[in-house]
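Each remark here refers to the structure printed beneath this line.
No lab work stands behind these numbers, since they all come straight from the coordinates. Note that the structure is predicted; figures quoted are calculated from it, not measured. For neighbour counting, all protein chains shown are included, and Cβ atoms are generated from backbone atoms with ideal geometry for every residue, glycine included.
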Amino acid sequence: MKRNDMELLHELNPEALVADGFEGAYLGHAAQACSSPLAVYDYGRCVNILVERDGMSESEAVEFIEFNVVDAYCGPGTPIFLWSKIT
């Protein structure tokens, strides 16, 4: 994640959390009506990061990210993960 992207997100929402170690999967931020912006990550890129960086198989990476990252609710600043059709 570029420093100015993180600064902008935290300027818009100081409570927004980021997924450490997944900077390469950061897409930007998003919000809906009456909510503060949240960090958005590409799910597939997150899986690829675990495979490439940590040497996990794809199934291990999916299991890890589902349990430890996507399903880890850390309050209203929890990041969003996008399942994209774009590869």
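Key figures
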quantity	calculated
Likely footprinting exposure, Leu8, Leu38, fewest C-beta neighbours within 10 Å first	Leu8, Leu38
Lys, Arg +1 and Asp, Glu -1 on Cβ, resulting dipole of the chain about Cα centre, debye, nearest 20	300 debye
Extension reserve of the Leu12-Ala30 stretch, reckoned as 0.36 nm per residue once the Cα distance is removed	5.4 nm
Length-normalised contact order of the chain in % [C-alpha pairs under 8 Å, at least 6 apart]	31 percent
Loop-exposed chymotrypsin sites (Phe, Trp or Tyr not before Pro) per DSSP, neighbour cap 14 Cβ within 10 angstrom, longest uninterrupted part of the chain	1-72
Cα lying deepest toward the dipole's positive end in the chain, options Leu17, Trp83, His29, charges on Cβ	His29
Extension reserve of the Asp5-Asn68 stretch, reckoned as 0.36 nm per residue once the Cα distance is removed	20.3 nm
Neighbour count of at most 14 Cβ within 10 Å plus DSSP loop: longest trypsin sites (Lys or Arg not before Pro)-free window in the chain	3-84
